[in-house]
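Asks: First the structure, which I've put down as structure tokens, then a few questions once you've had a look.
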Ligand code: PGA
């Protein structure tokens, strides 16, 4: 894969079909003349077939928020990555902090999930980031390095360049607090260097690294103008067509 710009909207457990349909139809209008940009909507699992239908006449791609690390079997309540593929997902989040913190997903598990997705040619968007305590304790860089290294431990070498990373400081998610563009850019550079240490320069230079954590219309342009920020993973602001449309226009 080559490095490019992404604006992805993580709807989390929000929106019912009628609301999602209105949102997507409004978004389609924001996409004109945005050829070098990939826009992704990431609805809750049950909405995926609807979202694939709503986006079918546009360039908007559909991603999933989560899936199993296994292809099939006795895993009650899990979603098969093979099903995501058949439904039309081209991307899937792996290791969003809400999955790590609320559902105990470990670095190793996230890496296995990324590997399973890659076997199906679904691009994992692997989320990494630190808590406030870790940042205040100056442990944030080590934490992020460990998340990256353990992910790569689980992934076969030929696929090392086929992921996307998202830096999502946990203290900035849904809190209204955004990392400053400089703070974010510094961590993105650290992430790229860590990828380079593990997977080499070629892989590191081809990977897109998105920023997530209270990204909104008022900071999108500045975040996107940073050298090491390749796109945005947007939560709250992606639920509003006008706001998300403005963020698309900021590119
Ligand atoms: P937020 O969420 O934009 O609402 O902070 C981002 C995310 O969790 O991906």
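Derivation of every value follows stated rules applied to the coordinates shown; laboratory data play no part. The model shown is predicted, which means the values in this text are computed figures rather than measured ones. All Cβ positions, even for glycine, are placed from backbone atoms using ideal geometry, and neighbour counts span all protein chains on display.
Asks: Do we have residue 130 as in contact (Cβ under 8 Å) with a residue 24 or more places away in the chain, in contact with a helix residue (DSSP H, G or I) (Cβ under 6 Å, 6 or more places away or on another chain) and within 16 Å of the ligand (Cβ to nearest atom) here?
Replies: Yes; evaluated as a whole, the condition is true for this residue.
Asks: Shifting gears a bit: Please pick out the residue among 41, 24, 62 that is touching a strand residue (DSSP E or B) at 6+ places or on another chain (Cβ under 7 Å) and assigned to a helix (DSSP H, G or I).
Replies: Going through 41, 24, 62 in turn, the sole match is 24.
Asks: Taking region 88-102 only, how many residues are surrounded by fewer than 24 Cβ atoms within 10 Å (Cβ to Cβ) and touching a helix residue (DSSP H, G or I) at 6+ places or on another chain (Cβ under 6 Å)?
Replies: Of the residues in region 88-102, 2 are surrounded by fewer than 24 Cβ atoms within 10 Å (Cβ to Cβ) and touching a helix residue (DSSP H, G or I) at 6+ places or on another chain (Cβ under 6 Å).
Asks: When you scan region 45-59, how many residues do you find that are assigned to a helix (DSSP H, G or I), farther than 29 Å from residue 109 by Cα and free of Cβ contacts under 8 Å to residues at least 24 places away in the same chain?
Replies: 1
Asks: May I ask you to verify whether residue 173 is closer than 21 Å to residue 44 by Cα, in contact (Cβ under 8 Å) with a residue 24 or more places away in the chain and surrounded by 17 or more Cβ atoms within 10 Å (Cβ to Cβ)?
Replies: When the stated conditions are applied, residue 173 passes them.
Asks: Would you kindly identify the helices (runs of 4 or more DSSP H) lying entirely within region 178-251 that contain at least 3 residues that are over 18 Å from residue 10 (Cβ atoms), away from the ligand (no atom under 16 Å from the Cβ) and out of contact with any strand residue (DSSP E or B) (no Cβ under 8 Å at 6 or more places or on another chain)?
Replies: 181-199, 201-206
Asks: Also, I was wondering about something else. What pairs come up if the first residue lies in region 228-244 and is farther than 23 Å from residue 188 by Cα and in contact (Cβ under 8 Å) with a residue 24 or more places away in the chain, the second is near the ligand (Cβ under 10 Å from one of its atoms) and not in a loop (DSSP other than H, G, I, E, B), and their beta carbons are under 6 Å apart, counting only those six or more places apart or on different chains?
Replies: 243/237
Asks: Right, something else. So which residues in region 77-98 are farther than 18 Å from residue 53 by Cα and more than 16 Å from the ligand (Cβ to nearest atom), if there are any at all?
Replies: If the condition is that a residue be farther than 18 Å from residue 53 by Cα and more than 16 Å from the ligand (Cβ to nearest atom), then 77, 78, 79, 80, 81, 82 are the ones that fit.
Asks: Residue 191 is checked against (1) touching a residue at least 24 places away in the same chain (Cβ under 8 Å); (2) farther than 24 Å from residue 160 by Cα and fails just one. What number does that condition carry?
Replies: Unmet for residue 191, out of (1) touching a residue at least 24 places away in the same chain (Cβ under 8 Å); (2) farther than 24 Å from residue 160 by Cα: (2).
Asks: For region 1-21, enumerate the residues that are in contact with a strand residue (DSSP E or B) (Cβ under 9 Å, 6 or more places away or on another chain) and in a helix (DSSP H, G or I).
Replies: If the condition is that a residue be in contact with a strand residue (DSSP E or B) (Cβ under 9 Å, 6 or more places away or on another chain) and in a helix (DSSP H, G or I), then 20 is the only one that fits.
Asks: On to the next question. For region 153-175, give me each residue that is within 16 Å of the ligand (Cβ to nearest atom) and in a loop (DSSP other than H, G, I, E, B).
Replies: 168, 169, 173, 174, 175, listed by residue number.
Asks: What's the number of the only condition in (1) without any contact (Cβ under 8 Å) to a residue 60 or more places away in the chain; (2) in a loop (DSSP other than H, G, I, E, B) that residue 34 fails to meet?
Replies: (1)
Asks: Moving on to the next point. Condition (residue is closer than 28 Å to residue 61 by Cβ, within 16 Å of the ligand (Cβ to nearest atom) and within 14 Å of the chain's Cα centre (by Cα)) applied to region 107-116: is it met by at least one residue?
Replies: There is at least one residue in region 107-116 that is closer than 28 Å to residue 61 by Cβ, within 16 Å of the ligand (Cβ to nearest atom) and within 14 Å of the chain's Cα centre (by Cα).
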